[in-house]
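Written below as structure tokens is the structure these notes are about.
Read-outs throughout are calculated quantities, based only on the coordinates presented, and are distinct from any laboratory measurement. Remember, predicted model here, so these are calculated numbers, not experimental data. FYI the Cβ positions are ideal-geometry reconstructions off the backbone, even for glycines, and counts take in every protein chain you see.
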Amino acid sequence: MDPAERPVSRRRLHGALVALGFAVTIVFGYLAVRDAHLSEVWDGVREMNAWWLAPAFALLALCVLLRAVRWAALFAPETRPPFRIVLRALLAAYVVNNLLPLRPGEVLRVVMLKRQAATSAAEAGATVIVERAYDVLALLLLLFVATPFLPELTWLSAAGAFAAVVVVGLGTAIAVVGVWGERPLIWAIRPIARFSPVTEARLEQIARNAVAGMAGLRRPRLAATAFTWTILSWLVLALSNAALLAGFDTGLDGSDTLLAGLLVVVATNLAMVLPSSPAALGVFEAATVVALKAFGVDDSLALSYALVLHALNLFPYLACAPFVLPGSLRRVASTTLEEAR
């Protein structure tokens with residue numbers, strides 16, 4: 001491809017992905033509201049016990065702190081960035097993911113670690129990929145452990161197939177890196193040197209840094225620590241969801257409320273694997289309604305809860321924006337897109 005054509009192709013690809021994300025939002029938004037009655041949705045929001053927002057928010061804050069600890073734990077001790085920078089970068093990523101489509105915050109936090117802690121972008125990027133794999137694996141593990149206590153789920157077999165793919169992928173990555181180190185990655189990216197101004201030596205260094213970022217896979221102690229923090233963070237988030245759910249008149253008892261909170265965590269976060277508009281609008285609501293439908297919660301009340309839960313997972317991050325973003329949103333977006341290229 002002519003170098004002059006690459007920016008145009010990238011813009012077209014980005015535009016297509018954004019369009020796909022908004023299409024996904026429209027479809028899932030329709031699925032969320034199709035069986036709900038808007039007057040009953042508003043009644044559910046108006047009649048909720050707002051005092052339950054306090055423990056739900058406190059648990060959400062604890063979850064974010066645990067996820068920052070988990071991300072730091074994925075770095076090898078000798079290259080681990082300072083925790084305060086890790087936490088700020090993670091919060092900035094959450095802010096941007098809630099304001100812009102296609103989750104560009106994942107790139108932003110890599111950029112912030114590079115600029116504020118001199119962490120290799122390849123290493124930080126690798127930890128983000130490992131983090132995502134652990135997230136999915138932990139969610140599926142929690143789902144299958146809880147299955148005997150959950151109502152019948154029509155999508156359990158699909159989750160099982162997804163789990164098998166994740167386990168095989170992680171196992172393959174561990175085996176390949178464990179046996180050959182960075183050599184397979186160097187071999188894979190070497191052809192890029194023909195089409196990029198980056199030298200082959202630089203590409204090889206990038207490969208080595210990326211393998212260093214997989215310490216959370218390659219070192220058993222780091223892997224066990226990071227995966228434990230992952231499980232704990234999801235359980236705390238499930239408690240946050242359950243605390244908020246207790247404020248709605250769902251008719252669920254205490255144990256079912258806890259299980260429903262866990263199922264909402266699993267459903268919403270697996271659904272957000274799909275591209276969508278900022279803050280996963282529509283996708284989040286539809287996944288929450290589907291999760292609560294398994295417990296017999298009316299669609300209107302489930303949507304009331306979904307809207308309040310989404311607000312709880314949105315506005316605190318927006319309040320953090322002036323303190324964690326490295327500049328205005330426009331500047332951050334421009335810098336992130338430029339780095340991604």
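Placing unit charges on the Cβ atoms only, positive for Lys and Arg and negative for Asp and Glu, gives the stretch 28-340 a dipole magnitude near 1620 debye about its Cα centre. Look at Phe323, Phe22 and count the other Cβ atoms within 10 Å of each Cβ; fewest to most, that gives Phe323, Phe22. The label point for Glu152 and the one for Glu40, both projected 7 Å from the Cα toward the Cβ, are 2.3 nm apart. Note that the stretch 76-86 has calculated 3J(HN,Hα) couplings of 5, x, 6, 10, 5, x, x, 4, 4, 6, 4 Hz, one per residue in order, obtained from phi through the Karplus relation 6.51 cos²θ - 1.76 cosθ + 1.60 (θ = phi - 60°); glycine and proline are x. Put in line by how crowded their Cβ is, counting other Cβ atoms within 10 Å and starting with the fewest, Ser120, Ser233 read Ser120, Ser233.
Along the axis of the charge dipole computed for the stretch 28-340 (Cβ charges of +1 for Lys and Arg, -1 for Asp and Glu, origin at the Cα centre), the listed residues Leu65, Tyr30, Gly216 are led at the positive end by Gly216.
With θ taken as phi - 60° and the Karplus curve 6.51 cos²θ - 1.76 cosθ + 1.60 applied, the whole-hertz 3J(HN,Hα) list for the stretch 93-109 is 5, 5, 4, 5, 5, 7, 10, 10, x, 6, 6, x, x, 5, 6, 4, 5 Hz, x standing for glycine and proline. In this simple spin-label model, placing a label point 7 Å from the Cα along the Cα-to-Cβ direction at both Glu47 and Leu31 gives a separation of 2.8 nm.
When the alpha carbon coordinates of the stretch 28-340 are projected onto the principal axes, the ranges are 63, 44, 33 Å, largest first. For the stretch 138-150, the Karplus equation 6.51 cos²θ - 1.76 cosθ + 1.60, evaluated at θ = phi - 60°, returns couplings of 5, 4, 5, 4, 4, 4, 6, 5, 7, 3, x, 9, 9 Hz by residue, with Gly and Pro reported as x. Amide H contacts of Leu100: Ala279, each under 5 Å away and 5 or more positions distant or on a separate chain (H built 1.01 Å from N in the peptide plane; Pro and chain starts excluded).
The charge dipole of the stretch 90-173, taken about its Cα centre with unit charges on the Cβ of Lys, Arg, Asp and Glu (plus for the first two, minus for the last two), comes to roughly 320 debye. Subtracting the Cα-Cα distance of Phe83 and Arg219 from their residue separation scaled by 0.36 nm leaves 46.9 nm.
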